[in-house]
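Beneath this line is the structure, given in structure tokens, with notes to follow.
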């Protein structure tokens, strides 16, 4: 074999090897690209995992803070199974049960009022159906039947069954002001209390001139959450009007 022939043979072999190597590289790249495309398709097809809940979200009760219970809307049958109640004893020794989120908000409101020299206590919050009947009986005996059915709801239709409605009483100059006819004698104190309610998620449930069918009760507040409370208060809406 001549030197020229050997050079030609070597050139041909090198060329073939380069072509083979290039082919392998192209095939490998194509396979890798195909694999990446398949992986991307699989990821797109899989639903995104939900973000982990915070501890606060995990502990939050699964209840509707805008629930409407009145003369036309009965308490849902499963409500008491959903709510979590906390107990406290007020300044006159009565035990009061309240829905836990509403109670926490009440404590913050109470502390803020105390800083301004206004002292409130819980008269009542959650009431069972039997408790509501007892109130009607007591009001009837003390004030008469007409008064009882004006100021107290029929059992099963009172929003106090929700644990979200709170009745307050006052401590004025160290004296307990407890009875309804005495509480209405302090309009200036109630006005200052009412101004602060939305910041803590409360509304004045039955303001003067309301269309709910219930008379004005300065002591009766209702927890609905801060956002809803501010919107209702700013627009002068009752809970019924807000929901409609």
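The values are calculated or read from the model by the stated rules, or taken from the named source; none is laboratory data. Note that the structure is predicted; figures quoted are calculated from it, not measured. Don't worry about glycine lacking a Cβ; one is built from the backbone with ideal geometry, like all the others, and counts go over all protein chains shown.
As a summary of the residue check, residue 189 satisfies the conditions (1) modelled with pLDDT of 95 or more; (2) closer than 25 Å to residue 139 by Cα; (3) in contact with a strand residue (DSSP E or B) (Cβ under 7 Å, 6 or more places away or on another chain) except for the one numbered (2).
Checked across the stretch 166-174, the condition of being within 21 Å of the chain's Cα centre (by Cα), buried (at least 21 other Cβ atoms within 10 Å of the Cβ) and in contact (Cβ under 8 Å) with a residue 12 or more places away in the chain holds for at least one residue. Answer yes or no as to whether residue 208 is surrounded by fewer than 14 Cβ atoms within 10 Å (Cβ to Cβ), out of contact with any strand residue (DSSP E or B) (no Cβ under 7 Å at 6 or more places or on another chain) and at pLDDT below 95. In short, yes. Collect the residues in the stretch 101-130 that are in contact (Cβ under 8 Å) with a residue 12 or more places away in the chain and more than 25 Å from the chain's Cα centre (by Cα), keeping them in residue-number order. Of everything in the stretch 101-130, those that are in contact (Cβ under 8 Å) with a residue 12 or more places away in the chain and more than 25 Å from the chain's Cα centre (by Cα) turn out to be 116, 118, 119, 130. None of 154, 100, 141 is modelled with pLDDT of 95 or more and surrounded by fewer than 19 Cβ atoms within 10 Å (Cβ to Cβ) except 100.
In the stretch 158-169, is there at least one residue being assigned to a loop (DSSP other than H, G, I, E, B), closer than 21 Å to residue 80 by Cα and at pLDDT below 95? Scanning the stretch 158-169 turns up at least one residue that is assigned to a loop (DSSP other than H, G, I, E, B), closer than 21 Å to residue 80 by Cα and at pLDDT below 95. A Cβ distance below 8 Å, combined with a sequence gap of six or more or placement on separate chains, defines the contacts here; from the stretch 222-244, residues that are at positive phi and in the same structural domain as residue 202 (by TED's automatic domain parsing) reach residues that are in a loop (DSSP other than H, G, I, E, B) and at pLDDT 95 or above in the pairs 225/65; 225/66; 225/201.
Just one of the listed residues (195, 181, 240) is under 20 Å from residue 69 (Cα atoms) and either in a helix (DSSP H, G or I) or at pLDDT 90 or above (or both), and it is 240. Among the residues making up the stretch 217-236, those that are more than 22 Å from residue 161 (Cβ to Cβ) and more than 19 Å from the chain's Cα centre (by Cα) are 234, 235, 236.
Residue check: residue 201 meets all listed conditions (1) modelled with pLDDT under 95; (2) within 29 Å of residue 244 (Cβ to Cβ) but one, namely (1). No other residue among 42, 80 is surrounded by 12 or more Cβ atoms within 10 Å (Cβ to Cβ), assigned to a helix (DSSP H, G or I) and modelled with pLDDT under 95 apart from 80. Among the residues making up the stretch 114-131, those that are surrounded by fewer than 19 Cβ atoms within 10 Å (Cβ to Cβ) and at pLDDT below 95 are 128, 129, 130, 131.
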